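The values are calculated or read from the model by the stated rules, or taken from the named source; none is laboratory data. Small disclaimer: the values here were computed from a predicted structure and weren't measured. Cβ: placed from backbone, ideal geometry, glycine included. Neighbour counts: every protein chain shown.
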Amino acid sequence: MATVTITAENLDETLTDNDIVFLDFWAAWCQPCRSFAPIFEQASETYPEITFGKVDTEDQQQLAGAAGINSIPTLMIFRGGIPVFSQAGALPAAALDSLVEQVIALDMDEVRAAYAQQVAEAQQN
């Protein structure tokens with residue numbers, strides 16, 4: 001599957017309808033973003049069971065702001081709608097492949113429990 005364009009209008013649906021979602025926050029003027037783009041695109045073809053989305057931070061400024069994006073490229077990964085990874089900086093292909101393997105191997109019962117605890121603690125504060 002090729003990468004899909006993610007906007008404020010389709011983000012929730014994308015996260016709900018897909019088990020694993022990798023999001024690349026980027027901008028056309030960003031050289032590291034342009035260097036990472038073919039690596040991200042290749043991964044989308046290598047792992048068709050995963051949704052790879054691209055968020056243009058210039059076009060989707062409100063979405064990037066809501067996601068807390070401070071530098072680009074930033075890679076965010078969701079599994080079961082839960083954020084499980086976020087890191088700024090372009091990654092080499094081997095590192096991206098390693099992340100895919102790690103996310104697939106996650107024990108989602110543990111992730112859901114930890115996430116529920118984080119949400120509960122945040123609501124208490």
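Miscellaneous remarks
- Residue match in region 75-85 (condition: more than 15 Å from the chain's Cα centre (by Cα), under 17 Å from T46 (Cα atoms) and surrounded by 11 or more Cβ atoms within 10 Å (Cβ to Cβ)): no
- Annotation: of all residues in region 62-91 being among the polar types (S, T, N, Q) and touching a residue at least 24 places away in the same chain (Cβ under 8 Å), the one that is farthest from A27 (Cα to Cα) is Q62.
- A single member of D59, D97, D107 is farther than 21 Å from T14 by Cα and either in contact (Cβ under 8 Å) with a residue 12 or more places away in the chain or in contact with an Asp or Glu (Cβ under 7 Å, 6 or more places away or on another chain) (or both), and it is D97.
- Total residues in region 82-107 satisfying the condition of being of a type in the set (S, T, N, Q) and in a strand (DSSP E or B): the figure is 2.
- Taking each residue of region 27-43 that is in contact (Cβ under 8 Å) with a residue 24 or more places away in the chain and looking for partners that are part of a helix (DSSP H, G or I) and loosely packed, with under 15 Cβ neighbours inside 10 Å with beta-carbon atoms closer than 7 Å, six or more apart or interchain, yields I39/A93; Q42/A93.
- Residues of region 40-66 that turn out to be more than 17 Å from I104 (Cβ to Cβ) and surrounded by fewer than 18 Cβ atoms within 10 Å (Cβ to Cβ), as a count: 8
- Flag for I20 being among the β-branched types (V, I, T) and within 17 Å of I6 (Cα to Cα): yes
- Taken together, the residues in region 91-125 that are small (G, A, S) and modelled with pLDDT of 95 or more amount to 5.
- Checked against the criterion of being assigned to a strand (DSSP E or B) and at pLDDT 95 or above, the candidates F36, F22 yield just one match: F22.
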